[in-house]
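The values are calculated or read from the model by the stated rules, or taken from the named source; none is laboratory data. Here the structure is a predicted model, which means the values were calculated and not measured. Reconstructed Cβ throughout: ideal geometry from the backbone, glycine too, with neighbour counts over all protein chains shown. Ligands, DNA and RNA are excluded from the accessible area calculation, which covers all protein heavy atoms including side chains. Shrake-Rupley method; radii C 1.70, N 1.55, O 1.52, S 1.80 Å.
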Amino acid sequence: PMIGGRSKQIMPIVITRRDKNYLVRRGGGDMAVTDKRVLLLGCGAVGGHIAFELSRAGVEQLILLDFDTLQEQNTYRHVLGRQYWGTNKALALKQALRRQLPFSQAQAITTSIEVALEADHVNLTHYDLIISAMGNPTSELALNEHVRQIENGLPIIFTWLEPLGIGGHALLTGIHKKPGCLECLYSDPNGSGELHNRASFAAPGQTFRRSLAGCDSLHTPYGSLDAAQTAQAATRLAIDVLTGKENQHRLRSWKGNSDTFTEANFILAPRYRFSVDKIAAQETSFASPTCRICSIKTNEAS
């Protein structure tokens, strides 16, 4: 045996793994989505949360589109802080994602979807999934019609939230041109030309936009928690689509407390009275037999 060994000179070496496979899986992500291309329209309160959660789930090729700028009044319900004030929201999210997540390849498009499509800056068929968190029914209905014209279909999730914490929604459509799309949810209940989303928890004909500092700061009242919960519903649906676990059109809704809403003298829609179980049971049965986009015959929908 060796006498007078050199064990006192042994230096321990600690190896810290920083490879993609380890970091993504260690954080609960899925390697199956790392090569998927996702187009996210709208980088506001809901879209910001979606961008981070999708990226943390493993999505690297996330293309962010928004023409708007992050303002001071956005701060307390947006994932980005004051260091990004005055920066385009899509560009700011791209910078934040790339700084915080080592394998993010996020890209930014700083125009509206209408301009991007017209200028050929975006080809929808190049993506595995589109998520729209624009909160603009007019633009989203036009986009819904555009997607329905794609030959082999294209999965798209529309997500939006309700005022004063009463709920939020995520609608998956566009899969192989199956019945059920965004336009299926819209109707004109009074023949007045005013569209109303029948998934809404708020009764039609009400105005919710508020101003705390003059007309230049009109906003729909909701908090960061409401935006985060809506984004969570949309992101879970997105991951299920990207991993092949979901292939049905689906309307997923969450329902919150209505006290603040009713105390402000607003009126709830009948759908709010549905139980959570009933809302969940109706997730795949929202298609309208009279939808001009889906062209569903009554006997096919029954």
Exercise for the section: Considering each residue of region 96-126, count those that are within 14 Å of residue 52 (Cβ to Cβ) and under 19 Å from the mean Cα position of the chain (by Cα), and give that number. Expected result: 4
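Against the definition (under 30 Å from residue 261 (Cα atoms), hydroxyl-bearing (Ser, Thr, Tyr) and open to solvent by less than 60 Å² (accessible area, probe 1.4 Å)), how does residue 159 come out, yes or no?
So residue 159 passes the test.
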Exercise for the section: Write out, first by first residue and then by second, each pair whose Cβ atoms fall under 7 Å of each other, whose residues are 6+ apart or on separate chains, and whose first residue, in region 272-286, is over 19 Å from residue 180 (Cα atoms) while the second is outside any loop (DSSP other than H, G, I, E, B) and not small (Gly, Ala, Ser). Expected result: 272/255; 276/255
Exercise for the section: Looking only at region 197-208, decide whether some residue is out of contact with any Asp or Glu (no Cβ under 9 Å at 6 or more places or on another chain), at pLDDT 90 or above, of a type in the set (Ser, Thr, Tyr) and open to solvent by less than 30 Å² (accessible area, probe 1.4 Å). Expected result: no
Fill in the blank from the handout: Of the conditions (1) open to solvent by 20 Å² or more (accessible area, probe 1.4 Å); (2) modelled with pLDDT under 95, the single one that residue 122 does not satisfy is (1)
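This table checks each residue for (1) closer than 23 Å to residue 224 by Cβ; (2) not β-branched (Val, Ile, Thr).
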| position | (1), (2) |
| --- | --- |
| 24 | no, no |
| 39 | no, yes |
| 63 | no, no |
| 72 | yes, yes |
Problem - Matching option when the condition is at pLDDT 95 or above, farther than 22 Å from residue 132 by Cβ and basic (Lys, Arg), among 99, 82 - result: 99
Practice task
Being at negative phi, open to solvent by 80 Å² or more (accessible area, probe 1.4 Å) and outside any helix (DSSP H, G or I) is the filter here, so list the residues in region 231-284 that pass it.
Solution key: 245, 247, 248, 257, 267
Exercise for the section: Could you tell me whether residue 129 is of a type in the set (A, V, I, L, M), more than 21 Å from residue 237 (Cα to Cα), touching a residue at least 24 places away in the same chain (Cβ under 8 Å) and open to solvent by less than 50 Å² (accessible area, probe 1.4 Å)? Expected result: no
Completion exercise
Reported set for region 22-71 where residues are open to solvent by 10 Å² or more (accessible area, probe 1.4 Å) and in contact with a Phe, Trp or Tyr (Cβ under 6 Å, 6 or more places away or on another chain) is 37, 60
